[in-house]
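The block underneath contains the structure these notes are about, expressed in structure tokens.
Rule-based calculations on the coordinates, nothing more; no lab input. Since this is a predicted model, take the numbers as computed values, not measurements. Here the Cβ positions follow ideal geometry from the backbone for every residue, glycine too, while neighbour counts run over all protein chains shown.
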Amino acid sequence: MEFTESKTGKIVFARFHEDEDLLETITNVGEKAKAPAGFFFLIGTLKKARMGFFRDGEYETIEMNQPLEIVSCLGNVSIKENKVFAHAHIAVSDDRGQIFGGHVMPGCIIGATGELVLVEAEGIKLLRKFDEKIKLYLWSLAKAPRKVRKKNSL
């Protein structure tokens, strides 16, 4: 296990517009907010969903070309190859209330709106490095520097 700590930084609110790409727009918010680390949640609607299911080192794509409610979208921002990178998972429902979900892929298109809340992790940079065994870019958490206090001995 790798572990590090951070304090909460700024909180960013963003409204997404019709026909924007969900993943691209989340990434743009992270870039504009200059947030190299953080987490987010989002609700809204989609015109089209492209989700992935990770199996055997690659994503199998699931596409839904219909109006959908974003029941929940959660994720984080980090740095991958020196650029802000958004990683998200989503649960959507159709007009009958059936729920579908997976890894957010490029091509999820916003319907009426999307409402994002991004919480920055202050004083930390989350870096992603490629893991050959798993075939994914995973967090590489550097140990945070800690101040050591010396006790005065009498």
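The requirement of being in a strand (DSSP E or B) and either over 16 Å from the mean Cα position of the chain (by Cα) or among the hydroxyl-bearing types (Ser, Thr, Tyr) (or both) is fulfilled nowhere in the range 30-43; no residue meets it. The residue of the range 109-127 that is nearest to the chain's Cα centre (by Cα), among those that are surrounded by fewer than 17 Cβ atoms within 10 Å (Cβ to Cβ) and under 17 Å from Pro36 (Cβ atoms), is Lys125. For the range 70-108, the set of residues classified as crowded, with 16+ Cβ neighbours inside 10 Å, of a type in the set (Val, Ile, Thr) and within 15 Å of Met51 (Cβ to Cβ) consists of Ile70, Ile90, Val92, Val104, listed by residue number.
Looking at this structure, is Leu23 crowded, with 16+ Cβ neighbours inside 10 Å and in a helix (DSSP H, G or I)? When the stated conditions are applied, Leu23 passes them. Exactly one residue out of Leu68, Leu74 is among the aliphatic types (A, V, I, L, M) and over 14 Å from the mean Cα position of the chain (by Cα), and it is Leu68.
Just checking, does the range 27-43 include any residue being touching a residue at least 40 places away in the same chain (Cβ under 8 Å), in contact with an Asp or Glu (Cβ under 7 Å, 6 or more places away or on another chain) and of a type outside the set (A, V, I, L, M, F, W, C)? Taking every residue of the range 27-43 in turn, at least one turns out to be touching a residue at least 40 places away in the same chain (Cβ under 8 Å), in contact with an Asp or Glu (Cβ under 7 Å, 6 or more places away or on another chain) and of a type outside the set (A, V, I, L, M, F, W, C).
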